[in-house]
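Peer 1: Here it is, the structure, as structure tokens.
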Amino acid sequence: MHVLLVDDEPLAREELSYLVSQHPAVISVAQAEGVLEAMGKMMEQKPDILFLDIHLTDESGFELAEKLVHLTEPPYLVFATAYDDYALQAFQVNANDYLLKPFEEKRVMEILNKAEKQRTRTQNTSTQTTEQWSAFPIHSDDRIFLIHPETVQMVSVDERNVRIFTDDKHYSTTGTLSGIEQKLPPALFIKTHRSFIINVTKVKEIQPWFNHTLQLTMENGEKVPVSRSYLKVFKERLNLE
């Protein structure tokens, strides 16, 4: 794995660089002291993991984090900071983890293990081509449409209909949620609620919600609940624990 450390404190960078380099999966460790330098390093070498401080000399680390959403393959984002009161804001910009200073080797190794696990899962998902999961037909508005699984963002059900939301439109059809679930690749899709299935690659934002639940915003702007019954599986799938 290629790692990029962004911190305006040289001693903090060196300490974290030493700890990170101890992990057997780490191939290289690059450093930057500000957002502009970090963006240049990211163009030169696409890092798998980004350790990002919040208070930098030129900009806030959050400003760089917000730029990452425009990347096709953003790095595994870890905020590394001395302040624990930014954790909620960090996860609102889709951070994968939060590391507090002073750095503890055990905690750093734990984060790197999680990052490696997610990277392996992503590689396996990408090799599991949609040829294995061909387009499936649905009846909607007295017509038959072919739905390609990779374009599906979410599926929901109400008392009478199943609604399938793709990248550019949505369809209402008869049937059951479990019936549609069987036609979707499990490497990409999970249930977050008894009435919802989502494509994990289409989640744009995760927001804490009532009673220790979560609310998701999908790429198409639709809101999806994560109920307490599905919360543990969802967090494990997205490496939020």
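The values are calculated or read from the model by the stated rules, or taken from the named source; none is laboratory data. For clarity, every value in this text was computed on a predicted model and none was experimentally measured. Every residue, glycine among them, receives a Cβ derived from its backbone with ideal geometry; neighbour counts consider all protein chains shown.
Peer 1: What residue, of LEU36, LEU4, LEU71, is farther than 23 Å from PRO208 by Cβ, of a type outside the set (S, T, N, Q) and surrounded by 19 or more Cβ atoms within 10 Å (Cβ to Cβ)?
Peer 2: Residue meeting the stated conditions: LEU4.
Peer 1: Within region 198-227, how many residues turn out to be assigned to a strand (DSSP E or B), surrounded by fewer than 17 Cβ atoms within 10 Å (Cβ to Cβ), touching a residue at least 60 places away in the same chain (Cβ under 8 Å) and not basic (Lys, Arg)?
Peer 2: Residues meeting the conditions: 3.
Peer 1: A further question follows. Output the residues belonging to region 6-43 that are closer than 17 Å to GLU110 by Cβ and of a type in the set (A, V, I, L, M).
Peer 2: LEU16, LEU19, VAL20, ALA25, VAL26
Peer 1: Still on this model: Looking at GLU159 and the list (1) in a loop (DSSP other than H, G, I, E, B); (2) of a type in the set (Asp, Glu); (3) at pLDDT 90 or above, which single condition is not satisfied?
Peer 2: (3)
Peer 1: Let me ask another. Within region 30-67, which residues are free of Cβ contacts under 8 Å to residues at least 60 places away in the same chain and of a type in the set (Val, Ile, Thr)?
Peer 2: Answer for region 30-67, where residues must be free of Cβ contacts under 8 Å to residues at least 60 places away in the same chain and of a type in the set (Val, Ile, Thr): VAL35, ILE54, THR57.
Peer 1: Same structure, new question: So in region 63-77, with the set limited to residues that are more than 16 Å from ILE206 (Cα to Cα) and outside any loop (DSSP other than H, G, I, E, B), which one is modelled with the lowest pLDDT?
Peer 2: Per the criteria, the residue is LYS67.
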